[in-house]
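Here's the structure we're looking at; comments come further down.
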Amino acid sequence: MRPRWKRRLFAVACLSCVTPLAADDLPQLGRDATKDVVAALTLEEKVGLVMGTGMRVFGLPPEFQPPRVDQADPIVPGAAGRTFAVPRLGIPAIVLADGPAGLRIAPRREGSDRTYHATAFPVATLLASSWDLDLVERVGRAMGGEARAYGVDVLLAPALNIHRNPLGGRNFEYYSEDPLLAGRMAAALVEGVQSRGVGTALKHFVANNHEWNRHVLDVQVGQRALREIYLRGFEIAVREARPWTIMSSYNRLNGVYTSERADLLTGVVRHDWGYDGLVMTDWFGGRDAVAQMEAGNELLMPGTERQRQALLEAVRNGELDERVLDRNVGRVLDLVQKTPSFLGYEPSLAPDSERHARLARQAASEGMVLLRNEAVLPLEAGTGIALFGNAAYQPFIGGTGSGEVHEAYSVSLVRGLREAGMRLDPALERAYAAYIAREEAARPRQVLPFLPVPPIPERPVPAEEIERLAREADLALLVIGRTSGEFVDRKREGDFELSAVERDLVAGLADCFHGRDKRLLVVLNIGGPIETVSWRDHADAILLAWQPGQEAGFAIADVLTGATPPSGKLATTFPVRWEDVPSSSNFPGTTLLGPDPTSPLAFLGDRAAELVYEDDIWVGYRHFATRGVEPAYPFGFGLSYTTFVYDELALSQETFDGAVEVRVTITNAGERPGREIVQLYLSVPGDEVPALELRDFAKTRTLPPGASETLSFTLTGRDLASFDPASSAWIAPAGTYTVRIGASSADIRQTASFELSETEQVGLVATAVD
């Protein structure tokens, strides 16, 4: 394969054969005004620039095939797409690649013996559970560095849809049930990636919180919930980090595809939030290319022949004003001019993989959450461990679909524990290896790209094997694993709830090991909440490891041994029962009609469907705390190997006047070092308001025993306000506001109050999205 610069020279040379010499006088992107470059484009070139050059997918009809056969070269193998190039005007193609948990490209390239692996970082839910913005920004810098090294211009990340229901198939790609935490985490990742000169794409905008029928699903949501829950995280990330692009979602919103809503993409994003970047579709998203152009969705990905024909015809017959097309082309060119491809960066193809692996390991251990510990952890070197569970030997390092990464390796817990000095039973290891190999050989093959294949069933362990190990080992460690991905949501039986084999295994291990006064540890290698209450009392310790990336085994061992003290806290609530989640009453929605033949992905079986967000603003802890529903583990919960004392809470003023400063001192009162995540919740006056809402958070440095740190927070008028649909404005009502400083949403340690003397409107009147 020719290097990129040679391919570009070749393209220019070919064009020179058919372009008059006067082309030397044509405007050039970056040298001349962008409007002059736009004016020099032909209509066909303009249409080419507002869509990608296509994606070849087996089974798609001709009208959904790539629009530009002459630019079918993917440039970076395995990347999700590329844009149209116009060499005569100095406009290069730019490359877009998936990447919520690390860069997704092909590991092998034609004509090369090398491999091109990227680092598989922990999934977003784990990163959010670290509550550490600096750490997430560092992960973003590493991701951006790898994208740049491999020739990628825009990383299609972060994803920050809300954990509305535990069964959401892509929840692992998303950060939290809370929009403030999700928005701050996404902003940190954006800042990190873009610090390396690579763009990001906030996705999926908006209300794409489920996978079922995702290409046609009509999400019905009220104005207040839309603003306070589903738009808020995007708003925070846009205002704080200025992402280069935003990706509109597949679904309809109150009857209209999000990619075709001018009130959403122009009114909210550009008018209300002041966004000046580019909006692109999700791959094959929406139906009406003309409506997408008019709405302010400037780039249609991956691009299809049907879209090209529709836009050409619409401009020629006057249906689409060419000035709208020119505006969108200009925004595409603004993006192009920021990219490494335009600025002449030659990809090194040599990312700093070793350093990034160390960062992945640190990030994984910082985001794991200790749910239970009955004086078992940390483990001492030399402990004899009977290691059970498929995922102990073949970990789920991430989910499936576009969030998957082609990593060079992954570390099993077997290796992690062994290198931490633990003793493992070799016969048990051989038994699991043989079982996994046998089941993998019988496993069905993937039918289509990104479609998840069910994992192999958990290995049943004979009673005599458990009895032998209970005699010989010091303790049992069981890993419970889960995965999920695109196109389908999770299920209750055997996924949210334990399978029959898993229930028997937990009970059998507890009986045998407890009968000999030995302990049972459980590690949860999962992407989203599972039911725990029916079995957790059998376990003496439970570590939530999430899906921790390629360094999984090392990171889990670091936490179990105390090399990295546990400091993560839940970014999403674990319910006692799935039915305790208010969205369970109509999840995933209602099918209305048969398959939609107009969909480019109709062969996947999507059916016209509707989902009403009956839970309104009562998502996650807002529901549990306000309505008195006891969770299994509350939002913000997480144990440590030490204890912390909260004191000296102080407010800067008793009556609100623009801002209130909040200070609190945290002291390590235990015998081990540790870090504490301190959460600031606010209770506001009124009737239809949550009991408390997260308004800020901070993570202490590592505090040795006896050490203290004073943390400061600032509350502004926006933190006091709720969205009022009647006035389409953010309103802070007069009354008493209570600051609640807690170790979780259910563990408030300190409170203080201040007054707002008069009701205030905060900011300008917002665009109505109905």
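The values are calculated or read from the model by the stated rules, or taken from the named source; none is laboratory data. Everything numeric here is computed off the predicted structure, so don't read it as measured data. Glycine also receives a Cβ, built like all others from the backbone with ideal geometry; neighbour counts cover every protein chain displayed. Surface areas here come from the heavy atoms of the whole protein model, side chains and all, with no ligands, DNA or RNA. Shrake-Rupley method; radii C 1.70, N 1.55, O 1.52, S 1.80 Å.
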About the Cα centre, charge dipole magnitude for segment 644-770 (Lys/Arg +1, Asp/Glu -1 at Cβ), debye: 660
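Give me the 1.4 Å probe accessible area per residue for segment 407-503, excluding ligands and nucleic acids, in Å². Walk me through the numbers on the way to the answer.
Values: 4950 Å² over 97 residues.
So segment 407-503 comes to 51 Å² accessible per residue, rounded to a whole number.
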1.4 Å probe accessible area per residue over segment 628-717, in Å²: 41
C-alpha long axis of helix 463-472 to longest principal axis of the chain, angle in °: 70
Segment 288-351, accessible area per residue, ligands and nucleic acids excluded (1.4 Å, Å²): 39
Long-range HN-HN contacts of V123 with modeled amide H, under 5 Å: Q547, G549
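Taking 0.36 nm per intervening residue step and subtracting the Cα-Cα distance, what contour gain separates D321 from D25 on full extension?
Working: separation 296, 0.36 × 296 = 106.56 nm, distance 2.81 nm.
Separation in residues times 0.36 nm, less the Cα-Cα distance, equals 103.8 nm.
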Sorted peptide list for 447-460, 92-105, criterion being average Cβ within 10 angstrom, highest first: 92-105, 447-460
Segment 23-79: trypsin sites (Lys or Arg not before Pro) falling in loop per DSSP and having at most 11 other Cβ within 10 Å: R31, R56
Cut-off under 5 Å, modelled amide H: who pairs with G562 long-range: L379
Peptides 629-642, 512-525, 130-143 ordered by average Cβ neighbours within 10 Å, highest first: 130-143, 629-642, 512-525
Förster-model FRET efficiency, 25 Å R0, E758 and L651, C-beta, rounded to 0.05: 0.85
Three-way shape call for segment 239-360 based on the alpha-carbon gyration tensor, with the a/c threshold at 1.5: prolate
Simple label model, 7 Å out from Cα along Cβ direction - A33 to D504, nm: 7.7
Entry for Cα extents along the principal axes in Å (calculated from the structure that is shown) out of (i) 85, 69, 56; (ii) 88, 69, 51; (iii) 99, 65, 46: (ii)
Backbone HN-Hα couplings from phi across segment 285-290 [Karplus 6.51/-1.76/1.60, Hz, Gly and Pro as x]: x, x, 10, 9, 4, 5
Accessible-area composition of segment 143-252, carbon plus sulfur, in percent [1.4 Å probe]: 40
Average projected area [Cα convex hull, segment 64-200], square nanometres: 10.3
Segment 624-685-segment 415-473 distance, computed between alpha-carbon centres (Å): 41
Between segment 271-344 and segment 142-215, the Cα center-to-center distance that results, in Å: 21
Theoretical FRET efficiency, 1/(1+(r/R0)^6), r = Cβ-Cβ of A659 and S708, R0 25 Å, to 0.05: 0.50
Carbon and sulfur %, accessible surface of segment 79-127 computed with the full protein complex present, 1.4 Å: 45
Separation of the E354 and R415 label points, Cα + 7 Å toward Cβ, nm: 1.6
Where labels lie 7 Å past Cα in the beta-carbon direction, separation of E346 and R224 in nm: 6.1
Accessible carbon and sulfur surface of segment 660-766 relative to its total accessible area, %, 1.4 Å: 46
The chain, helix-only ellipticity at 222 nm - DSSP H runs n ≥ 4, -39,500 (n - 2.57), divided by all residues, nearest 500: -8000 deg cm²/dmol
Eligible aspartates and glutamates near K491 by straight Cα distance, threshold 17 Å, same-chain separation 8 or greater: E211, E458, E502, E531, E579, D580
Cross-link partners of K35 among lysines (Cα-Cα below 28 Å; sequence separation of 8 or more within a chain): K46, K338
Ranked packing of 701-712, 253-264, most packed first, by mean Cβ within 10 Å: 253-264, 701-712
